[in-house]
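One structure is given below, encoded as structure tokens.
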Amino acid sequence: MDNNAAEQCTDDNQWQQHEVLTRSGKDACNLCNAPANKSCSACQVKYCSAQHQREDWPTHKNDCCPFKLKTNQKFGRHFVAARRLKAGTLVIQEDPTLCAPRGLPDGSPICLSCCVLMESQGKSSYRCSKCAWPICSPECEQHELHAQNECKIFSERHIKYPPSECEYPTYIVYKVVEILRGVLIKENDPELWAKITNLQCVTELGNKTDLFQDLGKLRNTFGVEDIGLEEDWKRILGILNVNNFSMKGRRNGHGPWFTGYVFLQSSMLAHSCLPNCWWGVSMFPDHKIQVRTTVDVQKGDVLTVPYSYIYNAFGTSKRQELIQDDGEFICKCERCEDPTELNSFTSALICRKCRNGSVLPLHPLVIDSEWQCNICHKKYFWDDINNTIQELMTKLEQCETVTDMENFIKEAQGTVHLNHWLITEAEDAVCQQRMQTLYENDEVTLEERDVHISMCEHLLKVKNLTAPGFSLERGRLLNRLARARFERLDDIVKNNTVEDADEILAEAEFIYVLYDEALCFYKNDITEVLIGIVLRVLLNLQQDSREIVLRDPFLLAHSLDPNYGPDAGYRSWRRSQWEEWLTQREPLHRSAANAVNRRRKHPLNRKPVNTVIIGTPDEIQAAFTGTLDPQGSYYFWSNRMFEIFDIRRTSGGHLIIFRCPPTYISVGMLAGKPVHLNGYSDVKTASGGNLNYERKKKCVQLN
């Protein structure tokens, strides 16, 4: 956006309408170009009449923006909801204006293209053949992110990695690369330069960091003092500080990656430590951001995001420290201004005087504020509080094993609140390290599983307060908790340690609810490899057995965004993974694993799911054209998802297929004949290998 366009961004205008408003000016009808006096309530696109607005809606709805640009003293330019937005609504999707690797304090080399940590790939010594800077592969060497930016400059000027006589840490070296890429936009794309330089670049704290003061020296060290003006370098650095999105993730089959981004639209979102939106960036080479609402947002509400994933885990004082260092502003969100942090007490200490109260800051936004017990009102100086926290942080950093962290948790509970961020960080680390052991080790006791589940539940209770809705933290915890409870239930059923079938079924249904809610986040998550992270299952107890069977694991395509990934490969991968996973769990799921192999042979594969099959064992076996165990259970695929059917022998020698979820089909006996009691209208009978269709309206006796 150029400066003239920026001046036209009034409170009633939409951010994008300078780019795509109408075909012939803002007062022309979007359909016929005639003078217009009506407008779309969401994005202000004009129409000459209500009729033309209705006619254009099938096309316009794809471009209609869910937000408006507003300006005020607290947030500056920011987006508000143009209409009521449900949780999970896509707000923004865009490509980055600028992206570059984000250096690490330990100096580990990072690929300049895909931003992967090279040591994790065993390629820490690999270098670009032209400029000799860290690149993980020949493909990344040729990618435009590197090849069309710093590579040519570094190779022509013989600037090595790290530059000779460089007295700065390696992460500053990567920051210079990031700034250089931004400065090169001025020469390579003047139109984009006009837009990016219109972003805010002066921070609340006045751009007083050491890096601003040392930019001239850094340019000389890198030998790029003649590239761009010094004011251009300072402007880009300011833009990066104010508008930067930082992300770390893990690529499928690759190591972790660390990247910083600048997005034109997403940069207008206000920061909050209690955001109503969440964002994720797809993996290299796309780097496309998606911003979605995590909770229901009302019309006019400010749209907020966390600028970095790491902020939410900490207490207010630590968050303020990180935000002021990275973004050079003071966060004044609802969570930061509340001493209790929305009753989560993630910063609270236990009062040393009364032992019952929580010690909280009197002025949370003032770093050196006094703290006070909320019961006995004893006051504590900041230095005293800070020393206690620093000692605990040092102890946590020294923990090397799960046992060390568990001992730390027990010790810290006598000093800080149970929800304190140091304890939840330790619990999260314990849960992550325990997962593989608990899932793969058959010798794990129920007590060990209960401890793991208890930690997951505690973490989830905290995140329900600090990261509500469809957030990354809750999605991961819900998935982790569901998996832990499933493994526990699996053990109980295999060992026959619970006699109450209703109790097991209730737990199975609760596990399904957990997975289903986790899916609300993961089905829209573009930062993770969905398969292998989400195992959406429905557990059901068979009436004649205490075995647990799985329903709908991996097969999420019916509820996923149809544009997610290459559809054919996605589904094929899932089927093979499902079969392999079930096969490994034999004999518990042998029948279900075998059913996958017989999937396409079933004539019912594309039939309605509310179907009952009545017939003799031989007739049904012939109808299925597959091997049928009259004494066991039979599984097959339906057209939508996994459906599990129970085949049961009646006194009349008939087999009835029960539809499991959402309810069992009720079947009774009348004069030695099975009676269908649920009133399903679609009934099929097997005769001589043929399936015959009959329509029944009410409860009927089947001959």
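Each value in this text was obtained by applying a stated rule to the coordinates, not by laboratory testing. None of the values given here were measured: they were computed from a predicted structure. All Cβ positions, even for glycine, are placed from backbone atoms using ideal geometry, and neighbour counts span all protein chains on display.
Brief remarks follow.
- Ascending count of other beta-carbon atoms within 10 Å, so fewest first, for Arg77, Arg449: Arg77, Arg449
- Burial ordering of Tyr126, Tyr439, Tyr311, fewest other beta-carbon atoms within 10 Å first: Tyr439, Tyr126, Tyr311
- The range 59-111, relative contact order [Cα under 8 Å, separation at least 6], %: 24 percent
- Extension gain, Glu144 to Asp189, is 14.8 nm, computed as 0.36 nm per intervening residue step minus the present C-alpha separation.
- Each of Gln433, Val493, His420 was scored by the projection of its Cα onto the charge dipole of the range 364-498, and the greatest displacement toward the positive side belongs to Val493; charges sit on the C-beta of Lys, Arg, Asp and Glu.
- Segment Ser155..Lys74, full-extension length gain: 24.6 nm, with 0.36 nm per residue of separation and the alpha-carbon distance subtracted.
- As a proxy for reagent exposure, ranking Trp133, Trp371 by other Cβ atoms within 10 Å from fewest up yields Trp133, Trp371.
- Computed from phi, the 3J(HN,Hα) profile of the range 475-486 under the Karplus parametrisation 6.51, -1.76, 1.60 (θ = phi - 60°) reads x, 5, 5, 4, 5, 5, 5, 4, 5, 5, 6, 5 Hz, with x in place of Gly and Pro.
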